[in-house]
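These notes are about the structure you will find just below.
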Amino acid sequence: WIAKKLSIEKTVVDEAILRLKKLELITEINGQLKDSFFNLETPTDISSRSLRKYNAQLINKALAAIIEKPIDEREITSTIFAIDKNNLTLFKEKIRTFKNDICLTNNNADSVYALNIQFFELTNKENL
């Protein structure tokens, strides 16, 4: 049922469940999977091939959601603005705080959603 709900192959789900059990991130109790941690995060400002691949997959799912999901089941928005690069760390901290706050407001979950936040420089430094 997980593969069907997430629109992915059953083998991918089976492999993920095995990996999550091995890492003790989920447990199986009376045939039901339970998460072992409420909010798990990856280290900040550390780049890895696996994290880049994971984020690219979620961005691709967001692209598909623009077309496939009704607007009342999604929120996709963007804004472009200028910043003082001395405040870059502050902006990143605010984004992380927002992400954590929104996860903490989640009670009685009945659906799985992805929250993707991309914050990157658009300025082409070569042409300055």
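When the helix-only estimate is applied to the chain (DSSP H runs of n ≥ 4, each -39,500 (n - 2.57), divided by the residue count), what is the mean residue ellipticity at 222 nm, nearest 500 deg cm²/dmol?
-14000 deg cm²/dmol
Modelling each spin label as a point 7 Å along the Cα-to-Cβ direction, I'd like the I102/I59 distance in nm, to one decimal.
The answer from the label model is 1.7 nm.
Return the lysines within reach of K99: Cα separation strictly under 21 angstrom, same-chain partners fewer than 8 residues apart disregarded; answer none if there are no such residues.
Those lysines meeting the cut-off are K53, K61.
Over the Cα atoms of region 8-108, what Rg and Dmax result, in angstrom?
17.3, 54
Using 0.36 nm per residue of separation minus the Cα-Cα distance, give me the extension gain between A82 and L18 in nm, one decimal.
Values: separation 64, 0.36 × 64 = 23.04 nm, distance 4.48 nm.
Fully extending the segment from A82 to L18 adds 18.6 nm.
Considering the chain as a Gaussian network with a 10 Å cut-off on Cα pairs, which listed residue, K92, K61, K21, attains the greatest mean-square fluctuation?
Maximum fluctuation in the GNM of the chain, among the listed residues, is at K21.
Can you compute log10 of I(q)/I(0) for region 59-118 with the Debye formula, treating each Cα as one identical point scatterer, at q = 0.16, 0.30 Å⁻¹?
Log10 I(q)/I(0), no solvent term: -0.72, -1.29.
Taking Cα pairs under 8 Å and at least six residues apart, what relative contact order does the chain come out at, in percent?
RCO, the chain: 13 percent.
Efficiency by 1/(1 + (r/R0)^6): what FRET value for E121 and I29, r their Cβ-Cβ distance, R0 = 41 Å, to the nearest 0.05?
0.35
Stretched out fully, how many nm does the piece from I2 to I95 gain, at 0.36 nm a residue minus the Cα gap?
Gain in length upon complete extension: 30.5 nm.
If I stretch the segment between T11 and S50 completely, what's the gain in nm (0.36 nm per residue apart, minus their alpha carbon distance), one decimal?
The T11-S50 span can extend by a further 12.2 nm.
If we sort 113-125, 70-82, 7-19 on the protection proxy, mean other Cβ atoms within 10 Å, highest first, what's the order?
7-19, 113-125, 70-82
Might you report the magnitude of the Cβ-based charge dipole of the chain about its Cα centre, with Lys and Arg at +1 and Asp and Glu at -1, to the nearest 20 debye?
The calculation lands at about 320 debye.
For the chain, find the longest principal axis of its Cα atoms and tell me its angle to the long axis of helix 10-22, 0 to 90°, nearest 10.
Rounded to the nearest ten degrees, it is 90.
Laboratory data are not the source of any read-out in this text; all were calculated from the coordinates shown. All of these numbers come straight from a predicted model, not from anything done at the bench. Quick reminder, even Gly has a Cβ in these numbers, built from the backbone with ideal geometry, and neighbours come from all protein chains shown.
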